[in-house]
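Working notes for the structure below.
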Amino acid sequence: MNWFKKHPRVEVKPSQADVLLYRAGWMVVAFNVFLVLGVYADLPETIPTHFNFLGRVDGYGHKSALWAIPMLSAGLYLALGLVATKLKPWLMNYPVKVTEENAPKLYSLALRMLAVMNFCFVMAFLMTTGIILLRIKGWIDAGDVQLLIGLWVLNGMVPLYYVYKMVVVVRE
């Protein structure tokens, strides 16, 4: 299979649902920033910054380290959002043969995959902030932190779902 074969140039715009996902993602990023801003003054100077696979704290840092999560979330959301909205779908790699007939569906699926992945990642960043804050307050234990680890693993599986959908499109 030639992964770098030229695909048909078919213009496909993000759907209304994709646009709504991008806007909702920015609202999640803003909420994450305001969440940290709202609790920052009340945080202890040293907070948990890393958890092992058992959900136990294995790293601590200054409370200013908490700002890394919403800032990283915003930066990655902006970067992936630009890729998703500016990159032409025919320049992407696909796990199936792209033809003139299936290109519109495959390209739409690729744009949707990027929108969903981007949204899922900012939600995971928000939940990471929330878990850290709840752990600081002592309202959750190690088992709850393990759910967060599972969420990040699940986010990594989003592309697999869309690869499956692309294979199904080609078989139709």
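The values are calculated or read from the model by the stated rules, or taken from the named source; none is laboratory data. Please read these numbers as outputs of a predicted model, since none were measured by experiment. Cβ coordinates were reconstructed from backbone atoms using ideal geometry, including for glycine residues, and neighbour counts include every protein chain displayed. Areas reflect the complete protein model, heavy atoms only, side chains present, ligands, DNA and RNA absent. Shrake-Rupley method; radii C 1.70, N 1.55, O 1.52, S 1.80 Å.
Here are some notes:
- For Leu148: the one exception among (1) at pLDDT 90 or above; (2) buried (at least 17 other Cβ atoms within 10 Å of the Cβ); (3) aliphatic (A, V, I, L, M): (1)
- Where a residue in the range 41-56 is over 19 Å from Met127 (Cα atoms) and among the hydroxyl-bearing types (Ser, Thr, Tyr) and its partner, wherever it lies, is surrounded by 10 or more Cβ atoms within 10 Å (Cβ to Cβ) and modelled with pLDDT under 95, with Cβ under 6 Å and at least six apart: Thr46/Tyr60
- Residue in the range 70-87 that is modelled with pLDDT under 95, basic (Lys, Arg), surrounded by fewer than 17 Cβ atoms within 10 Å (Cβ to Cβ) and in contact with a helix residue (DSSP H, G or I) (Cβ under 9 Å, 6 or more places away or on another chain) present: no
- Here is the figure for the range 6-54: residues that are open to solvent by 100 Å² or more (accessible area, probe 1.4 Å) and under 30 Å from Pro104 (Cα atoms) total 8.
- Count - residues of the range 89-108 that are assigned to a helix (DSSP H, G or I) and open to solvent by 20 Å² or more (accessible area, probe 1.4 Å): 5
- Which numbered condition Phe119 fails, given (1) modelled with pLDDT of 90 or more; (2) of a type outside the set (A, V, I, L, M); (3) over 20 Å from Leu82 (Cα atoms): (3)
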